[in-house]
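Asks: Below is one structure. I have some questions about it.
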Amino acid sequence: MVSEERTRSALLAGLTVLALAVGAWWWRSAAPVVDPAPVAGATVAAEPSPATEPALSTRVWIVDPGTGDASPGPDIGSVVAGGEEVRPDPLWHDGSHLRAGGMVERQASSAAGARLLLSAACRGPGPLTVSWTGTKEDETQLLVDCGGAAVDQPLVAAGGPVTVRFFAGERQLDLDATLAGLY
């Protein structure tokens, strides 16, 4: 009789563990897909992308007009903004993969009047919509063609956090964006 009780207890414990394992599997597989549509104040995590180079590139390419051959030139380390040569200091770089309807939000603190350069590019069947707050150009939107070159947008910080949001359209795309301070 004691061995029958032990057998039943062991069988009951085994069935309980099996039921919990099957329930956990079902729970994870039946979980609803969260709609990554942008919600005010919400940030959606993005998957990492193979992008490694920032969109702000200071590499010069030299093209031979006779043959059309291109060869890498010197890395000049500066850009011209507003008619003067300035050195970009990257505050952040994002090389995320955005799912259809997805959003990525990035933020950096900056002093009032600080000059910034937002550079955004994307790969995929885009387009990419970019918006920002915390600047004198607040609530402006920029539409980036994912087949084209990077789009550079100069900004002037209002003081405090500068928040940049990247929205994917109806299809997934790879983001390549940089926010840099100009000094």
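Every read-out reported here was derived from the displayed coordinates using simple, explicitly stated rules and does not represent laboratory data. Given the structure is predicted, the values throughout are model-derived calculations rather than measurements. Counting neighbours? That spans all protein chains shown, and the Cβs are built from the backbone with ideal geometry, glycine included.
Asks: For the range 102-183, which fully contained strands (runs of 3 or more DSSP E) count at least 2 residues that are touching a Lys or Arg at 6+ places or on another chain (Cβ under 9 Å)? Steps first, answer last, please.
Replies: Details: elements: 103-110, 115-123, 128-133, 141-144, 151-156, 160-168, 173-182.
Once the strands (runs of 3 or more DSSP E) in the range 102-183 are filtered for at least 2 residues that are touching a Lys or Arg at 6+ places or on another chain (Cβ under 9 Å), what remains is 103-110, 128-133, 151-156, 160-168, 173-182.
Asks: Additional query: Could you give every pair whose Cβ atoms fall below 7 Å, whose first residue belongs to the range 131-150 and is among the charged types (D, E, K, R), and whose second residue is in a loop (DSSP other than H, G, I, E, B), counting only separations of at least 6 or pairs across chains?
Replies: Going by the 7 Å Cβ cut-off, the qualifying pairs are Lys136/Ala158; Asp145/Gly126; Asp145/Pro127.
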